[in-house]
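Okay, so here's the structure we're looking at.
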Amino acid sequence: MVQIYKAPKGKKPSPIGAPKLTLSIDDLEHGGLGVCRSHQPVVFVEGGLPGEQLEVRITDKKPRYWQGLAVKVLSPSAERIEPFCPHSRECGGCQNQHIGQTELLVHKQQAVDQLLKRQTGIKTLNWQAPLLGPAQGYRRKARLAIDAQNKAEVKVGFRAKGSDQVVSIKQCAILSEPLQAILPPLLSLIKQLKGTKQLGHISVLDADDQVQLCLRVTRALPGEDLARLRQFAEDNSLRLMLETAPNRFELVSGTSQDAHYSPIAELSLAIGPNDFIQVNNLVNQAMVSQALTWLQVTPGEQVLDLFCGVGNFSLPLAHAGAQVTGVEGIEAMVKRAAKNASENGLQVDFQCLDLSDTAALAKLPSQIDKVLLDPARAGAQALMSVLHKLNPKGILYVSCNPATFARDAAVLIDKGWQVDKIGLMDMFPNTAHTELMAHFSKA
């Protein structure tokens, strides 16, 4: 599941006495980091904007590049704004609150454009308008971390920048309104529990039909704590569950029915507590709509949906009249997708295959008209030559990592494909995440 922030393994905050440099920022890379090219090696600076002169603390040194953090703005850009969140300097979640949403998208598009031209040899790209929604109040699912090592100061919040340390929060403006409303009383409740050391994390979900809390527990909670949790859920009309072991859940209060969401108005998909769901509802719906438009599916066409999850694209494609084969590597999600198809009155062939395994890829259908793929950040390197051999009329690639997308796109272009359309999707405003959609056809 996509989290607001996860610290890289082994990475520690830089010491207070780490070296500082005065640097000028030339441009932004696709994650929103400032780039200083006048220094060798190149320095990537969190918190920097093009045209600014900054005092930068170096946090990491690699042979080919350094990383740093802006600690003082000496000459600000006209694009610089005041962060809306009081936790922005500590929390690792929204790294780019110092620039507006549309301004950041312009820089990200320029960076992705340069990356793709450099990696693929493409001369021009047909950029479409980005898909975006509100910059705040958009997130319908999140995971709260808990640090109960000090009973006198239990911390509930998100991970700090570049660290596993928990930043206590009192509010989070990017959460949806229902999640924002329950956050203060939830934080107060957690700090009152006797068994806080038995809590791993808290997942919160604002679904179409319920607000859901799921607490990961390492040992059984005291009966008094369970009573408090049950009363809290009842008072706030919540579904509350405990995850007592990986993917093993115990209902404490609320409905036994799964949560649901709608990728298009006509469909309702069930999701389990640990199933992947796009956290931005409005952008997800716009993304699905755009995918259907770009693929131009006609009734009866054979469409292959790879990395299909619980059916976010598969079911809308089937609803449009396509004969869909959905492929996913996680068996539980394949079963969930098949159930979703049945409950929505649709026929979809769902298969469980490891899409990184060359032998498994030989089992993909050979008669395909069009392909949609939505891989994780690692991309779909093993699939590229296979997709070329399937020879579909069109390939729609949904990516959450421009670097691996550029690598995969280079393979297709080398085999005679061309990029017809490409556009960014602001699924995670204010963050380093950059997502895009591209349609390929034979040149």
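Observations
- Residues that are open to solvent by less than 10 Å² (accessible area, probe 1.4 Å) and in contact with a Pro (Cβ under 8 Å, 6 or more places away or on another chain) do occur in segment 266-275.
- Filter result for Lys151 (without any contact (Cβ under 8 Å) to a residue 40 or more places away in the chain, open to solvent by 10 Å² or more (accessible area, probe 1.4 Å) and more than 18 Å from His433 (Cα to Cα)): no
- Condition check for Phe232: touching a helix residue (DSSP H, G or I) at 6+ places or on another chain (Cβ under 8 Å) and open to solvent by 60 Å² or more (accessible area, probe 1.4 Å): no
- Residue in segment 310-317 that is over 20 Å from the mean Cα position of the chain (by Cα) and among the β-branched types (Val, Ile, Thr) present: no
- Qualifying residue in segment 160-171 (condition: open to solvent by 30 Å² or more (accessible area, probe 1.4 Å) and assigned to a helix (DSSP H, G or I)): no
- Any chance Glu103 is surrounded by 15 or more Cβ atoms within 10 Å (Cβ to Cβ) and more than 30 Å from Asp209 (Cα to Cα): yes
- Summed over segment 27-43, the residues that are assigned to a strand (DSSP E or B) and closer than 18 Å to Glu79 by Cβ give a count of 5.
- Subset tally (residues that are in a helix (DSSP H, G or I) and of a type in the set (Phe, Trp, Tyr)) for segment 395-417: 1
Conditions tested, residue by residue: (1) small (Gly, Ala, Ser); (2) in contact with a strand residue (DSSP E or B) (Cβ under 6 Å, 6 or more places away or on another chain).
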residue: Ser253; (1), (2): yes, yes
residue: Leu267; (1), (2): no, no
residue: Ala270; (1), (2): yes, yes
residue: Leu317; (1), (2): no, yes
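- Residues of segment 72-100 that turn out to be over 24 Å from Gln171 (Cβ atoms), aliphatic (A, V, I, L, M) and open to solvent by 60 Å² or more (accessible area, probe 1.4 Å), as a count: 2
- Residues of segment 123-148 that are open to solvent by 40 Å² or more (accessible area, probe 1.4 Å), touching a Ser or Thr at 6+ places or on another chain (Cβ under 8 Å) and not in a loop (DSSP other than H, G, I, E, B): Arg143 alone.
- Scanning segment 67-85 for residues that are part of a loop (DSSP other than H, G, I, E, B) and of a type in the set (Gly, Ala, Ser), we see that the one that is nearest to Gln40 (Cα to Cα) is Ser77.
- For segment 294-311, the criterion of a residue being part of a helix (DSSP H, G or I) and under 21 Å from Leu175 (Cβ atoms) is satisfied by no position.
- Selected residue [under 29 Å from Asp420 (Cα atoms), in contact with a helix residue (DSSP H, G or I) (Cβ under 7 Å, 6 or more places away or on another chain) and of a type in the set (A, V, I, L, M, F, W, C)] from Val303, Val252: Val303
- Any hit, segment 86-107, residues being in a strand (DSSP E or B) and modelled with pLDDT under 95: yes
- Condition met for Asp209 (of a type in the set (Asp, Glu), surrounded by 14 or more Cβ atoms within 10 Å (Cβ to Cβ), in contact (Cβ under 8 Å) with a residue 60 or more places away in the chain and within 29 Å of Gly321 (Cβ to Cβ)): no
- Inter-residue pairs, beta-carbon under 9 Å, first within 12 Å of Val371 (Cβ to Cβ) and of a type in the set (Phe, Trp, Tyr) and in segment 387-409, second part of a helix (DSSP H, G or I) and at pLDDT 95 or above, 6+ apart: Tyr397/Phe405; Tyr397/Asp408; Tyr397/Ala409; Tyr397/Leu412
- Residue identified as touching a Cys at 6+ places or on another chain (Cβ under 7 Å) and surrounded by 15 or more Cβ atoms within 10 Å (Cβ to Cβ) among Ala322, Ala409, Ala337, Ala360: Ala337
- Number of the exception - Val156 against (1) under 21 Å from Gln171 (Cβ atoms); (2) outside any loop (DSSP other than H, G, I, E, B); (3) within 21 Å of the chain's Cα centre (by Cα): (3)
- Unique residue being of a type in the set (Gly, Ala, Ser) and under 22 Å from Thr293 (Cα atoms) when the list is Ala320, Ala406, Ala337: Ala320
- Residue count for segment 106-117, restricted to those that are open to solvent by 50 Å² or more (accessible area, probe 1.4 Å) and either free of Cβ contacts under 8 Å to residues at least 60 places away in the same chain or over 20 Å from Thr434 (Cα atoms) (or both): 3
- Tabulated pairs, segment 264-276, first within 14 Å of Leu346 (Cα to Cα), second outside any loop (DSSP other than H, G, I, E, B) and of a type in the set (Lys, Arg), C-beta under 9 angstrom, 6+ apart or interchain: Leu269/Arg336
- Qualifying residue in segment 269-280 (condition: farther than 22 Å from Gln136 by Cβ, more than 16 Å from the chain's Cα centre (by Cα) and charged (D, E, K, R)): no
The values are calculated or read from the model by the stated rules, or taken from the named source; none is laboratory data. Computed from a predicted model, the values in this text were never measured in an experiment. Neighbour counts are summed over all protein chains in view; Cβ atoms, including those assigned to glycine, are modelled from backbone coordinates with ideal geometry. For the accessible areas, the whole protein counts, side chains as well, though only heavy atoms, and no ligand, DNA or RNA atoms are used. Shrake-Rupley method; radii C 1.70, N 1.55, O 1.52, S 1.80 Å.
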